[in-house]
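**Student:** The structure is given below, and queries will be raised subsequently.
The values are calculated or read from the model by the stated rules, or taken from the named source; none is laboratory data. Computed from a predicted model, the values in this text were never measured in an experiment. When we count neighbours, we look across all protein chains shown, and the Cβ atoms used for this are built from the backbone with ideal geometry, even at glycine.
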Amino acid sequence: MKALRLAVYAALVAGWIGLAWLLWGSVVPDGLVLPHVDVDRVFGAELVARTERYERFLLILWALGIVVSLATLALYARYGGRFAEESAAGPLGTGMLLGMVGLAIVWLTQLPFTVVGLWWSRRHDVSHVGYLDAVFGDWLSLGATFVSVCVALLVVMGLARRLGSWWWIPGAAVFTAIAAVGVFVSPYLYTGLERPDDPGLVARYQRLERVEGLHGVPLRVERVSENTSQANAFAFGLGPSRRVVLWDTLLDGRFSDRQVDVVLAHELGHHSREHIAKAIGWFGLFALPGALLLMLVTRRLGGMGNPRAVPLALLVAAAWTLVTTPAQNVISRRVEAEADWRALEATRDPQAARGLFREFAVTSLGDPSPPTWAYVLLDTHPTLAQRVAMADAWAARRSR
Amino acid sequence: MRRVNPRSPHPVRIVVDDDLRRSRLTVLFRLILALPHLVWITLFGIAAFTLAFVMWLAVLFERRAPASLHGFLASFTRYAVQLTAYLSLAADPYPGFTGSRPYPVDVEIDPPAVQGRWGAGFRLVLAVPAFVVSSTLGGSVALGSGYGGALAGGVGGLTATVAFLGWFASLARGRMPRGMRDAAVYAIGYGAQTTAYALMLTDRYPDSTPGMVQPPPELPTHPIAIGVDDDLRRPRLLVLFRFPLVVPHLLWLTLWWVLVVLAALAAWILALVLGRVPRALHRFMAAFVRAVTHLSAFFCVVGRQFPGFVGREGSYPIDLTIALPAPQRRPGVAVRLLLAVPAFLLASTFFVITLVVGILLWFAALVTGRVPGGLRDLGAASLRYQAQAWAYALLLTSRYPDSSPVLQPAPPEPEPALLELTGLA
């Protein structure tokens, strides 16, 4: 039995490494050296100082929020089991209740940080969301979070009750499958997206689509300008559900057409390089050891089949997420850098890219060169300075 | 603050001496016949609410209502009860205009008693939840009379629905259905207590416990019964997050509902052929009705615990007992949905009552960590009627829903003591 166990672990480790190697590939040239960027010169010393002030406060708030939520979850892991008495729903339903209550308590403890963060963003004119809207909307959206946690617990507890300590292998697979389904259907469930009404924008998008080797990926616009002045865009969906979405704040005149083209090419780059499918693969790779850790830690409470293990599982899941965040961010930044590279290849306009990244610092008050710890823990994209450096590097290679 | 023993009889008690028979002629013209009363109660109401202010000052300073003022306002309350009963078809005779003559649906009001100053000072604020419940039940013309909107403000909600349905029933059969009459009387009783509380006739808060009527109304046996085996404590955290907590259930029940519709269609066809619903289909749909009741009880804070997902009998403190399938008459099965329309009309009123009760219980539980028993029981009774309506529509029973708002059968009359029997007491 022990030999079998070792063989399974060895096969999983080998498979893990092999898949990670496959997913790690990138079109950014190996050995690309990014030139040094003088952020004060590129972004302006005043803007840099302003973004640092703005982000410093949010970083402190984030750190405090993390400490409070982990402390809350630790207390909940110790005492949360008593909420089982409030359930008449059997083991699975009780586990769901304990999971939801844990999240509800964390939500309550994070509420002051949410409000203070909103106050700070409103003070800097980055957000226009009202306090009541934020709190009440957040409270309502808890329902969706609860549904997710219920589904997750249903899978984990259901498998754990049937398979005992081996649940984590099929569990990780089921989670990955659910994530894939979620990613596929999310564009169909996402409301408030509109077709762009600018024929010029559509024509430029279609040209970039062809350059990226894609066809028939719809472009949509999301109206967010009532709530924020930040500019953003994103790509989501899989196969026939793929979409590229621009926030209308990108189209309000602050960004030139050439800069918007860089954004479009970046998002199309995500689709052409199959980043979303790869993200699902990475999710599975992180879910596997995460599930193993859950199984090992909750074993002394009778395993994940026991609803009273759920509070501890929440703490483990939160800690696991925090611990693996730097690694996940490394992967995310690599993927984003690849999309930037694809955008430069498609638009061949490094000047526009430089201007775009500088404008991002103005509209979003993003620090072009954040502290290292914040970069490691929080940044899912290369810093704005690194992105400018990549545009310079692309231009330098082309001029050679 | 003065403490009140909740077991002592309420100073405002509704008394019923009605035989359910209705004159078709007066029922047909009931609203027109009541027009003089509606004019009169508006005038009477203006006088009563003006004097209530004087009464308020008197209670605030003297802690006791002057007997003459108390008598006047008690007459007004009594008159309002009689008129509401007449309008909602809970009683048949044409009421007098002074509230001094006996009536089949009448109210007894205790003489003036000592009242607390704090409670008197903030009476109108304290009465807000009672006003909310009372207006949902629509049990008092008096509460609408002060501003001349007797019909709009006083008779609405449950009594309006009962009056509407009872009008057709009384015209057809010459009798008011007992359950509907009892529902109206309950609403009227609560309205009378609210009126008396607002007019400073008593400082005892209105009691929403269903069935607080003399003599206690019947609770006929029904294939769909509700049982309440829950305490009144409510953990605040679970109360605060009530809405998001039920979202997973709502999604699950929505999916289940799709299958129930198909099952109901199959049950309908099979019941037409076989004269009864097959047990498997009956069990499937009964579990759904039970699961909805469990969830509604939890959502509206009527129940304390988080319910299960499968509607298992005996799994929840507010539980539904659904009898096994029984033979059903085919004509009744054939037109079941049509027959269920009045029941659903009343069920929708009970649904609103449940929601209002839920909102009030939510606030009460959040502040005190407990829910008032009377309001909890009203919620349970409302859920029962909705469950009976659904069970009837889904062919789980051929018995029509019973709208009597009674949760427990009346306790048996105490045996006379030996000393009483021997005349030595």
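**Student:** Check A:Tyr54, A:Tyr76 and return the single one that is in a helix (DSSP H, G or I), in contact with a His (Cβ under 9 Å, 6 or more places away or on another chain) and either within 13 Å of chain B (Cβ to nearest Cβ) or crowded, with 18+ Cβ neighbours inside 10 Å (or both). Let's see the steps before the verdict.
**Tutor:** Working: A:Tyr76 fails: in contact with a His (Cβ under 9 Å, 6 or more places away or on another chain).
Within the list A:Tyr54, A:Tyr76, the selection yields A:Tyr54.
**Student:** Something else: Please go through region A:92-137 and give me each residue that is among the small types (Gly, Ala, Ser) and either away from every other protein chain (no Cβ under 14 Å) or crowded, with 16+ Cβ neighbours inside 10 Å (or both), ordered by number. If you could, list the steps in order and put the result at the bottom.
**Tutor:** As a first pass, look at region A:92-137 and keep what is among the small types (Gly, Ala, Ser): A:93, A:95, A:99, A:102, A:104, A:117, A:121, A:127, A:130, A:134, A:137.
Listed by number, the residues that qualify are A:Gly93, A:Gly95, A:Gly99, A:Gly102, A:Ala104, A:Gly117, A:Ser121, A:Ser127, A:Gly130, A:Ala134.
**Student:** Go through region B:324-348 residue by residue and tally those that are in a loop (DSSP other than H, G, I, E, B) and free of Cβ contacts under 8 Å to residues at least 40 places away in the same chain. Write out each step before concluding.
**Tutor:** Here is the first cut: in region B:324-348, the ones in a loop (DSSP other than H, G, I, E, B) are B:324-329, B:335.
Of the ones still in play, those that are also free of Cβ contacts under 8 Å to residues at least 40 places away in the same chain are B:335.
Total satisfying the criteria: 1.
**Student:** Continuing with the same structure: Right, B:Pro248: in contact with a Cys (Cβ under 8 Å, 6 or more places away or on another chain) and either surrounded by 15 or more Cβ atoms within 10 Å (Cβ to Cβ) or small (Gly, Ala, Ser) (or both) or not?
**Tutor:** Here the answer is yes, as B:Pro248 does meet what is asked.
Per-residue answers, yes or no, for (1) buried (at least 21 other Cβ atoms within 10 Å of the Cβ); (2) more than 19 Å from A:Phe57 (Cα to Cα); (3) among the small types (Gly, Ala, Ser):
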site: A:Leu344; (1), (2), (3): yes, yes, no
site: A:Gly355; (1), (2), (3): no, yes, yes
site: A:Glu359; (1), (2), (3): no, yes, no
site: A:Leu365; (1), (2), (3): yes, no, no
site: A:Thr372; (1), (2), (3): no, no, no
site: A:Leu377; (1), (2), (3): no, no, no
site: A:Asp392; (1), (2), (3): no, yes, no
site: A:Arg397; (1), (2), (3): no, yes, no
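**Student:** Just one of B:Arg242, B:Arg236 is surrounded by fewer than 15 Cβ atoms within 10 Å (Cβ to Cβ), of a type in the set (D, E, K, R), touching a residue at least 12 places away in the same chain (Cβ under 8 Å) and out of contact with any strand residue (DSSP E or B) (no Cβ under 8 Å at 6 or more places or on another chain); which is it? Write out each step before concluding.
**Tutor:** Values: B:Arg242 fails: surrounded by fewer than 15 Cβ atoms within 10 Å (Cβ to Cβ).
Selected residue: B:Arg236, the only one of B:Arg242, B:Arg236 that is surrounded by fewer than 15 Cβ atoms within 10 Å (Cβ to Cβ), of a type in the set (D, E, K, R), touching a residue at least 12 places away in the same chain (Cβ under 8 Å) and out of contact with any strand residue (DSSP E or B) (no Cβ under 8 Å at 6 or more places or on another chain).
**Student:** While we're here: Can you find, within region B:272-323, the residue that is nearest to B:Phe241 (Cα to Cα) among those that are more than 14 Å from every other protein chain (Cβ to nearest Cβ) and without any contact (Cβ under 8 Å) to a residue 12 or more places away in the chain?
**Tutor:** B:Arg283
**Student:** Separate question: Only one of these is without any contact (Cβ under 8 Å) to a residue 24 or more places away in the chain and closer than 30 Å to B:Asp182 by Cβ: B:Phe29, B:Phe76, B:Phe97, B:Phe44. Name it. It would help to see each step written out before you state the result.
**Tutor:** Numbers: B:Phe76 fails: without any contact (Cβ under 8 Å) to a residue 24 or more places away in the chain; B:Phe97 fails: without any contact (Cβ under 8 Å) to a residue 24 or more places away in the chain; B:Phe44 fails: without any contact (Cβ under 8 Å) to a residue 24 or more places away in the chain.
Answer to the check: B:Phe29.
**Student:** Are there any pairs with C-beta distances below 8 angstrom linking a residue in region A:160-180 that is under 9 Å from A:Met295 (Cα atoms) to a residue that is charged (D, E, K, R), with the two at least 6 apart or on different chains, and if so which?
**Tutor:** Going by the 8 Å Cβ cut-off, the qualifying pairs are A:Ser165/A:Arg299.
**Student:** Going residue by residue through region A:341-359, is there one that turns out to be touching a Lys or Arg at 6+ places or on another chain (Cβ under 6 Å), of a type in the set (A, V, I, L, M) and at pLDDT 95 or above? Lay out the reasoning, then the answer.
**Tutor:** Of the residues in region A:341-359, the ones touching a Lys or Arg at 6+ places or on another chain (Cβ under 6 Å) are A:349, A:352, A:357.
Add one more test, that the residue is of a type in the set (A, V, I, L, M), and what stays is A:352.
This time we only want the ones that are at pLDDT 95 or above, so: A:352.
Scanning region A:341-359 turns up at least one residue that is touching a Lys or Arg at 6+ places or on another chain (Cβ under 6 Å), of a type in the set (A, V, I, L, M) and at pLDDT 95 or above.
**Student:** Take the residues in region A:135-167 that are polar (S, T, N, Q) and within 24 Å of the chain's Cα centre (by Cα), then tell me which one is farthest from A:Leu98 (Cα to Cα).
**Tutor:** So the first thing to find is which residues in region A:135-167 are polar (S, T, N, Q), and the list is A:141, A:145, A:148, A:165.
Subset that is within 24 Å of the chain's Cα centre (by Cα): A:141, A:145, A:148.
On the way: A:Ser141: 18, A:Thr145: 14, A:Ser148: 14 Å.
Out of the qualifying residues, it is A:Ser141.
**Student:** So, A:Glu85, is that one away from chain B (no Cβ under 14 Å) and part of a helix (DSSP H, G or I) or not?
**Tutor:** Taking the combined requirement at face value, the residue does not satisfy it.
**Student:** If you go through region A:192-209 one residue at a time, how many are part of a helix (DSSP H, G or I) and over 12 Å from A:Arg220 (Cβ atoms)?
**Tutor:** So the count comes out to 8.
**Student:** Being assigned to a helix (DSSP H, G or I) and touching a residue at least 40 places away in the same chain (Cβ under 8 Å) is the filter here; which residues of region B:365-378 pass it? Show your work before the answer.
**Tutor:** Taking region B:365-378 as the starting set, the residues that turn out to be assigned to a helix (DSSP H, G or I) are B:365-368, B:373-378.
Listed by number, the residues that qualify are B:Ala365, B:Leu366, B:Gly373, B:Gly374, B:Leu375, B:Arg376, B:Asp377, B:Leu378.
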